[in-house]
Amino acid sequence: MAITLNSYPANIDRSGAFNVTTSLTEDASHVNLRIRADIYHEGIVKATIEKPKGINIFDFANILKSLCPGLLFARDSGDIVKTGTIGANLITAWSVSSGTWDTFTSSANQITSAIEASTDPVFLKTNDITMAVGELYMLYSVDLATSGVNAPAANNSLTEHEWKVLEKNKSVLIMPITSGTRQIIIGAYGGELNFSGTFYCYKITTDRLTVGNSLVPYFCKFTEVYENAAGVTQTGATSLTNVYRYVPGRGDDIAFTNYVLTGSTSRFANKTLRNNACKFFTISPLEYLVSFFSEYVELELFYSKDGGAYTHTTHPICYEGWGVVIINIGELMASVATSLRIYLNELGTPATISEVLTVYPDTSQIDERVVLEYDGIVGGKEYLAFEGKKDISFDTVRKYITGSGMNKKPLSFKGINKQSLETRFKDINNASYLKSLLVSEDVKKLESLYAAPTKVTITTESVRISNSEMFTNQLEIEYEY
């Protein structure tokens, strides 16, 4: 009996779907045969789903979406890029864990040579590392070089999730489900290894309650479950997955792989700034957040102002797989008159891993301009500006009690701001972006002076996307007083 994962998400993906089957057959000793899926996040099971044999698709997207806090860090931080925080490197030494190596030499966290020509299993281990449930660790090697038949794979010594093949400058996440001491293990069951590299293991210390996160690290454990002839519930084979990263996006006309940075055509997770549906307004400037996703760890941010030479003094470390470039008049947009261009490289190499994203400024002054920020369909923040009208009203929701003289007395009052927004005729070419705005669950109105955005509710239920005549769209929003 065995469990097989026929299909599964990419390492960073908006999909949370797995196709899982079991070779076990139902008989008198295996009644009500089913597969149980345990979804681990922050080291504990956050949800369990069971499906009978024959129903192979497990889709965890809605569960995972509920676990993503989104971006929570304060505005006007002075930073150019946000990627979270980490502790110190925890790898101080390497030694043989099992097998016989033809060659093994190391110094501190560097493996200078690890060679095994045979197909015998061989593994190396780090010094002891103390981990706790709820923590998350990131392993990578910026200079990994491998020429053997097999590339080394990594896990922790307790094998709490599936092995993950190592790639140069790409992160491997480790999620402990028990507290205690273990080692990082690298090697291969099939031997035939020849590699070297300097390795780093960091505890991710990003405060999810104040900084937030753009994705959800998780892994799954699939288990065969059935009742025996006596009616007693039994478990059979199990299968663990890698630690995946789920991005709460709803899809696009191109595959999500295009939004995971790997090459010069890979995209930042933003459509409205890329396609010039929204500009950066220099009158009462606001702050925009441009998200990106990548397995690459050490990066360089290149930016150019007004078509000038590129500067690349900012070197973000993409710890968990997400990052945000902050578009702010105090930093990247300072002194920009015509355009700001940004793209990302791997640090220290000429390898470009993103598109060139161009943000255009707008110097026009409008009596009432409202910019809405919302969660887009590709997992990042999107922006749309409304300049067509100024119409704000204030309503109160009142509850009363009846006094002794049958007169009304106040019990509670609650104020609600209502505002009408309208596009302009020139915005008809961008009307299709209103679709993603109306289905977004998190919409905010950006405030001047970089105050915290105001969470709003869009009460409009339909908009016009195209027409043979000129048209505008009116939207109604509500927000607390």
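Where a number appears in this text, it was derived from the coordinates with a stated rule and is not lab data. Just so it is clear, the structure is predicted and the values come from calculations on it, not from any experiment. Cβ atoms come from the backbone with ideal geometry, glycine included; neighbour counts cover every protein chain shown.
Summary of values
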{"quantity": "Placed amide H near residue 17: partners under 5 Å, 5+ positions off or other chain", "calculated": "60"}
{"quantity": "Proximal charge balance of residue 138 [Cβ under 10 Å; K/R count +1, D/E count -1]", "calculated": "0"}
{"quantity": "Distance between the stretch 355-378 and the stretch 319-354 - C-alpha centres, whole angstrom", "calculated": "17 Å"}
{"quantity": "Rounded, prolate or oblate (a/c below 1.5 giving rounded, otherwise prolate when a/b exceeds b/c) for the stretch 11-105 by Cα gyration tensor", "calculated": "oblate"}
{"quantity": "Order of 8, 374, 189 - criterion: other Cβ atoms within 10 Å of each residue's Cβ, fewest first", "calculated": "189, 8, 374"}
{"quantity": "Karplus-derived 3J(HN,Hα), 6.51/-1.76/1.60, for each residue of the stretch 331-336, Hz, glycine and proline x", "calculated": "10, 5, 8, 4, 6, 6"}
{"quantity": "Highest-first arrangement of 110-117, 441-448, where packing means the average Cβ count within 10 Å", "calculated": "110-117, 441-448"}
{"quantity": "Sorted by Cβ density within 10 Å, fewest first, the residues 279, 435", "calculated": "435, 279"}
{"quantity": "Stretchable slack from residue 207 to residue 447, in nm (0.36 nm times residue separation minus alpha-carbon distance)", "calculated": "84.0 nm"}
{"quantity": "Among [x] 25.4; [y] 26.8; [z] 23.2, the entry derived from the coordinates for Kirkwood radius over Cα pairs in Å", "calculated": "[x]"}
{"quantity": "Cα centroid separation, the stretch 448-481 to the stretch 76-144 (Å)", "calculated": "49 Å"}
{"quantity": "Per-pair calculated FRET efficiency, R0 = 35 Å: residue 454 and residue 407 via Cβ, rounded to 0.05", "calculated": "0.45"}
{"quantity": "Virtual spin-label span in nm between residue 192 and residue 2, 7 Å along Cα→Cβ", "calculated": "1.9 nm"}
{"quantity": "Local electrostatic count at residue 60 - Lys and Arg +1, Asp and Glu -1, tallied over other residues with Cβ under 14 Å", "calculated": "+3"}
{"quantity": "Under-5 Å amide H pairs with residue 106, H placed in peptide plane, nonlocal only", "calculated": "112"}
{"quantity": "Cα gyration tensor shape of the stretch 94-203, rounded if a/c is under 1.5, else prolate or oblate by comparing a/b with b/c", "calculated": "prolate"}
{"quantity": "Burial ordering of 352, 265, 126, fewest other beta-carbon atoms within 10 Å first", "calculated": "265, 352, 126"}
{"quantity": "Neighbourhood net charge (12 Å Cβ-Cβ; Lys/Arg +1, Asp/Glu -1) for residue 348", "calculated": "-3"}
{"quantity": "Paramagnetic reach from residue 96 in the stretch 137-170 [backbone N under 19 Å; point 7 Å along Cα→Cβ]", "calculated": "152-153"}
{"quantity": "Distance between the stretch 250-290 and the stretch 385-418 - C-alpha centres, whole angstrom", "calculated": "39 Å"}
{"quantity": "Cα-centre dipole for the stretch 382-480 with unit charges at Cβ (Lys and Arg positive, Asp and Glu negative), debye to 20", "calculated": "520 debye"}
{"quantity": "Cα→Cβ-extended label distance, 7 Å offset, between residue 253 and residue 313, nm", "calculated": "4.1 nm"}
{"quantity": "Net lengthening on full extension, residue 56/residue 167 (0.36 nm per residue, minus Cα-Cα)", "calculated": "36.9 nm"}
{"quantity": "For residue 154, residues with placed amide H under 5 Å, excluding near neighbours", "calculated": "164, 165, 166"}
{"quantity": "Aspartates and glutamates with Cα under 20 Å of residue 408, excluding same-chain neighbours fewer than 8 positions away", "calculated": "395"}
{"quantity": "Mean ellipticity per residue at 222 nm, deg cm²/dmol - from DSSP H runs of n ≥ 4 across the chain, formula -39500 (n - 2.57)", "calculated": "-500 deg cm²/dmol"}
{"quantity": "³J(HN,Hα), Karplus 6.51/-1.76/1.60, whole Hz, each residue of the stretch 246-262, x for Gly, Pro", "calculated": "9, 10, x, x, 9, x, 7, 7, 10, 5, 5, 4, 5, 9, 10, 5, 9"}
{"quantity": "Per-residue ³J(HN,Hα) for the stretch 470-481, Karplus 6.51 cos²θ - 1.76 cosθ + 1.60, θ = phi - 60°, Hz, x for Gly and Pro", "calculated": "5, 8, 10, 10, 10, 10, 10, 10, 10, 7, 5, 7"}
